[in-house]
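The values are calculated or read from the model by the stated rules, or taken from the named source; none is laboratory data. Not measured: the values here are computed from a predicted model. FYI the Cβ positions are ideal-geometry reconstructions off the backbone, even for glycines, and counts take in every protein chain you see. With ligands, DNA and RNA removed, areas are computed over all heavy atoms of the protein, side chains included. Shrake-Rupley method; radii C 1.70, N 1.55, O 1.52, S 1.80 Å.
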Number of protein chains: 2
Amino acid sequence: MSRPDTKQRLLDAAERLFARQGFHATPLRDITAEAGANVAAVNYHFGSKEGMIEAVLARRLGPLNEERRERIEAVLRAARQRGGRPEVAEVLRAFVEPTFRLLEQGPGGQNFAVLVGRVLAEPDPSLRAPFLRLVAPTFRFLYQALCEALPHLDPGVVFWRVNSALGAMGHTLRWTGGLGAEIGRSSLPPGVDPSPGTETQTDRLVAFIAAGMEAP
Amino acid sequence: MSRPDTKQRLLDAAERLFARQGFHATPLRDITAEAGANVAAVNYHFGSKEGMIEAVLARRLGPLNEERRERIEAVLRAARQRGGRPEVAEVLRAFVEPTFRLLEQGPGGQNFAVLVGRVLAEPDPSLRAPFLRLVAPTFRFLYQALCEALPHLDPGVVFWRVNSALGAMGHTLRWTGGLGAEIGRSSLPPGVDPSPGTETQTDRLVAFIAAGMEAP
DNA sequence: GCATGATTGAAGCACATGTTTGAATCGAAG
DNA sequence: CTTCGATTCAAACATGTGCTTCAATCATGC
């Protein structure tokens with residue numbers, strides 16, 4: 001290898017460009033140019049463009065989902081030990097916080113956060129399918145934990161509220177790491193901080209969706 | 001004209017295909033084939049592909065925004081007349097209900113609803129710009145109405161909560177009119193209605209985001 | 001060294017895309 | 001009927017796309 005690990009550089013470039021321009025709008029040649037690699041390297045390492053998006057997702061989604069799962073499990077365990085129900089806000093925070101922490105893990109993590117936000121809103125099955133395969137178990141686990149936390153609610157209602165919560169999270173991810181700054185600066189109402197810190201962002205989102213989940 | 005209004009048929013087909021496959025993933029030839037028109041008709045009537053998406057958005061967004069604005073104004077007026085503050089849920093309902101009513105206005109409205117959900121999550125400026133130009137005044141009006149309804153909250157917090165609310169709404173729109181049914185049926189937890197009626201959907205969403213807006 | 005398998009590079013292929021062209025067709029006014 | 005602008009059509013154009021090919025290069029074990 002001439003330079004250290006072409007594969008990683010390709011993944012980094014793809015992560016960045018897919019997040020900023022979208023999958024279909026990003027030509028392979030843009031990615032290879034940014035990574036300083038040849039077009040053939042993509043098909044050599046990943047088989048196809050679709051194979052590359054899958055690799056981009058899998059690289060970070062594996063550890064991320066593990067962390068989310070562990071934290072939700074910890075919340076459930078603590079609740080059982082004290083003989084009570086898990087707190088809705090705690091469960092949600094266990095899911096949201098690791099996601100938003102991506103924003104602090106350098107430009108790569110930031111791009112990936114935006115990418116997750118994008119894929120959450122993507123109808124194209126060729127993108128949605130690999131993503132869902134990777135996150136479905138975690139989503140389901142979150143749903144079950146919230147059903148435990150809200151036993152008085154119909155499971156159907158819980159499901160739709162989880163859906164709304166994910167929508168709010170995805171939107172915030174896209175906005176925060178992506179176009180929020182650009183779009184916002186010009187059209188933001190006065191007195192609004194265009195990009196508060198990650199922690200503030202997390203706290204606000206958790207407060208919002210926790211209140212939504214617990215609505216009467 | 002051989003057949004009634006090629007222009008409208010093109011707009012209908014574009015509305016449908018952009019909603020289902022996305023803008024970049026939909027070739028012009030797919031649209032013209034579905035509309036039974038020639039490829040050149042697109043450039044003749046709209047100048048370019050981008051001109052067409054703009055026309056698709058403008059056709060329905062004009063009346064929709066007018067209705068949203070009138071309904072929000074009615075809520076504000078009623079509040080002033082009784083000397084109180086507008087109710088958060090009322091303001092949100094005035095904005096959300098006309099949007100969701102699209103889902104009942106035939107397949108065209110349904111497709112457009114999904115399309116709005118998509119554009120809400122779209123980072124590509126060539127799509128976002130015309131959309132924002134059309135909806136920015138209405139969004140700002142909603143924001144101001146909610147500031148009136150929540151005077152004890154920092155405007156910055158209100159802004160971010162409106163953002164989250166729009167994210168939740170967009171996600172629901174995409175899900176409801178679009179892939180929810182397909183994806184859902186296979187992986188939905190048991191006991192969850194895959195597609196409740198529009199009214200139920202609206203009530204649930206309003207309850208969720210109203211609670212989120214009013215969180216302490 | 002050298003042989004071998006992994007990786008890279010330049011060039012090209014086959015095809016899809018948005019757009020343009022110029023002639024044909026249509027509808028209605030003179 | 002003729003004329004003229006609006007509209008439609010088939011064909012082509014220029015470019016961009018994902019992917020493949022095959023020779024060159026590299027790293028490593030012998």
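Using a cut-off of 15 Å between beta-carbons, work out the net charge of the residues near A:Phe23 (Lys and Arg +1, Asp and Glu -1, A:Phe23 not included).
Numbers: positive: A:Arg16, A:Arg20, A:Arg29, A:Lys49, A:Arg118, A:Arg128, A:Arg174, B:Arg118; negative: A:Glu15, A:Asp30, A:Glu50, A:Glu54, A:Glu122, A:Asp124, B:Glu122, B:Asp124.
Net local charge, A:Phe23 excluded: 0.
Averaged over peptide B:194-201, how many Cβ atoms belonging to another chain are found within 10 Å of each residue's Cβ? Each step should come with its number before you reach the end.
On the way: counts 2, 0, 3, 0, 0, 0, 3, 1.
Neighbouring Cβ atoms belonging to other protein chains average 1 per residue here.
Along Cα→Cβ, 7 Å out, is where each label goes; now give me the distance between the ones at B:Arg77 and B:Val192 in nm to one decimal.
4.2
Using a label point 7 Å beyond Cα on the Cα-Cβ vector, give me the inter-copy distances for A:Gly51 in nanometres, one decimal, shortest first.
4.2
Of the GluC sites (Glu not before Pro) in the stretch B:60-156, which ones lie in a loop per DSSP and count no more than 15 other C-beta atoms within 10 Å? Intermediate values should be presented prior to the final figure.
Numbers: sites: B:Glu66, B:Glu67, B:Glu70, B:Glu73, B:Glu87, B:Glu90, B:Glu104, B:Glu148; in loops: B:Glu87.
In loop regions of the stretch B:60-156 (DSSP not H, G, I, E or B), the sparsely surrounded GluC sites (Glu not before Pro) are B:Glu87.
I'd like the accessible area for A:Trp160, computed on protein heavy atoms only with a 1.4 Å probe and all protein chains in place. Round to 10 Å², please.
Around 20 Å² of this residue is reachable by solvent.
Would you mind calculating the relative contact order of the stretch A:60-213 from Cα pairs under 8 angstrom and at least 6 residues apart, reporting the percent as a whole number? Walk me through the numbers before you get to the answer.
Working: 136 pairs, mean separation 46.0, N = 154.
This gives 30 percent for the stretch A:60-213.
Output, in nm with one decimal and in ascending order, the distances from the A:Leu188 label point to the matching label points of the other copies (7 Å from Cα along Cα-to-Cβ).
Nearest to farthest, the other copies are at 4.0 nm.
To the nearest 100 Å², how much accessible surface do chains B and A cover up together, summed over both, with a 1.4 Å probe?
Numbers: alone 11390 and 11380 Å², together 18690 Å².
Counting both chains, the buried surface is close to 4100 Å².
Any idea what angle helix B:6-21 forms with the longest principal axis of chain B, computed on alpha-carbon atoms, 0 to 90 degrees, nearest 10?
In chain B, helix B:6-21 runs at an angle near 60 degrees to the longest axis.
Compute the accessible area per residue over chain A, keeping the other protein chains in place, probe 1.4 Å, unit Å².
Here the residues of chain A average 43 Å² of exposed surface.
Determine which lysines satisfy two conditions relative to B:Lys49: a Cα distance under 19 Å, and not lying fewer than 8 residues away in the same chain.
Within the straight-line cut-off, B:Lys49 pairs with B:Lys7.
With +1 on the Cβ of every Lys and Arg and -1 on the Cβ of every Asp and Glu, and nothing else charged, how large is the dipole of chain B about its Cα centre, in debye rounded to the nearest 20? Could you put the intermediate results ahead of the total?
Working: 26 positive and 24 negative charges, 60 e Å.
Value, rounded to 20: 280 debye.
Taking N as the number of residues in the stretch B:4-66, what value does Rg over Cα atoms divided by 2.2 N^0.38 Å take?
1.04
Taking the Cα centroid of the stretch A:115-156 and of the stretch A:52-105, what is the distance between the two, rounded to the nearest whole Å?
13
Counting other Cβ atoms within 10 Å of each Cβ, which trypsin sites (Lys or Arg not before Pro) in the stretch A:9-109 have at most 14 and sit in a DSSP loop? Walk me through the numbers on the way to the answer.
Values: sites: A:Arg9, A:Arg16, A:Arg20, A:Arg29, A:Lys49, A:Arg59, A:Arg60, A:Arg68, A:Arg69, A:Arg71, A:Arg77, A:Arg80, A:Arg82, A:Arg93, A:Arg101; in loops: A:Arg82.
Answer in residue order: A:Arg82.
If I compute solvent accessible area with a 1.4 Å probe over the protein chains, what percent of it on the protein assembly as shown is carbon and sulfur?
Carbon and sulfur together cover 52 percent of it.
All other residues with a Cβ under 11 Å from the Cβ of B:Ala113 taken together, and with Lys, Arg as +1 and Asp, Glu as -1, what is their net charge?
+2
Quick one: order A:His171, B:His45 from most to least accessible surface, probe 1.4 Å.
On the way: A:His171 10, B:His45 70 Å².
Solvent-accessible surface, decreasing: B:His45, A:His171.
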